[in-house]
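Only one structure is covered here, and it is reproduced in the block below.
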Amino acid sequence: WDNADFSRGVGTTFYQEFPTLNTAKPPFVRDVEAKVRRYLRSSYSAAWTLKITWEKAPAYAARTDTRRTITYQAVLTTDGFRSYVLMLYQEGGMRWDYTKLADTNVLIGYT
């Protein structure tokens, strides 16, 4: 994640919590569980999941360009013992003009 800048009134951030320890699991949580199982080849049953979405977020400083926005999500999930994060980007990848960012050493994901 980089310095998204919402100061110009463009874009938004929102979240949704899914506490599922003793309740029926919505389709979104079942999909997250399936991804964790598939990617890590292990059994997994979520007790809690949080979806955070940055929608149409312009890069810092937004005063230079609010047209190139990006939508991305972080999904945090745990079974109470193990915790995972899924980092999801809109199709087409990062659309910010990295040549105008303060730091041009840009990476999608983490190391």
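The values are calculated or read from the model by the stated rules, or taken from the named source; none is laboratory data. Please read these numbers as outputs of a predicted model, since none were measured by experiment. Note that each Cβ is placed from the backbone with ideal geometry, even for glycine, and that neighbours are counted across all protein chains shown. To get the accessible areas, we keep the full protein, side chains included, count just its heavy atoms, and leave off ligands, DNA and RNA. Shrake-Rupley method; radii C 1.70, N 1.55, O 1.52, S 1.80 Å.
Where residues in region 8-43 are touching a Pro at 6+ places or on another chain (Cβ under 9 Å) and open to solvent by less than 90 Å² (accessible area, probe 1.4 Å), which of them is farthest from G80 (Cα to Cα)?
Among them, the one singled out is V10.
Residues in region 57-86 that are open to solvent by 50 Å² or more (accessible area, probe 1.4 Å), under 29 Å from K25 (Cβ atoms) and not hydroxyl-bearing (S, T, Y): how many?
The number of residues fulfilling the criteria is 5.
Could you tell me whether T77 is modelled with pLDDT under 95 and not in a helix (DSSP H, G or I)?
no
Check T66, T49, T12, T53 and return the single one that is free of Cβ contacts under 8 Å to residues at least 40 places away in the same chain and among the β-branched types (V, I, T).
After applying the criteria, what remains is T49.
Kindly evaluate A46 against the criterion of being open to solvent by less than 40 Å² (accessible area, probe 1.4 Å) and at pLDDT 85 or above.
yes
Looking only at region 16-32, which residues are in a helix (DSSP H, G or I) and in contact with a Ser or Thr (Cβ under 8 Å, 6 or more places away or on another chain)?
Those that are in a helix (DSSP H, G or I) and in contact with a Ser or Thr (Cβ under 8 Å, 6 or more places away or on another chain): F28, V29, V32.
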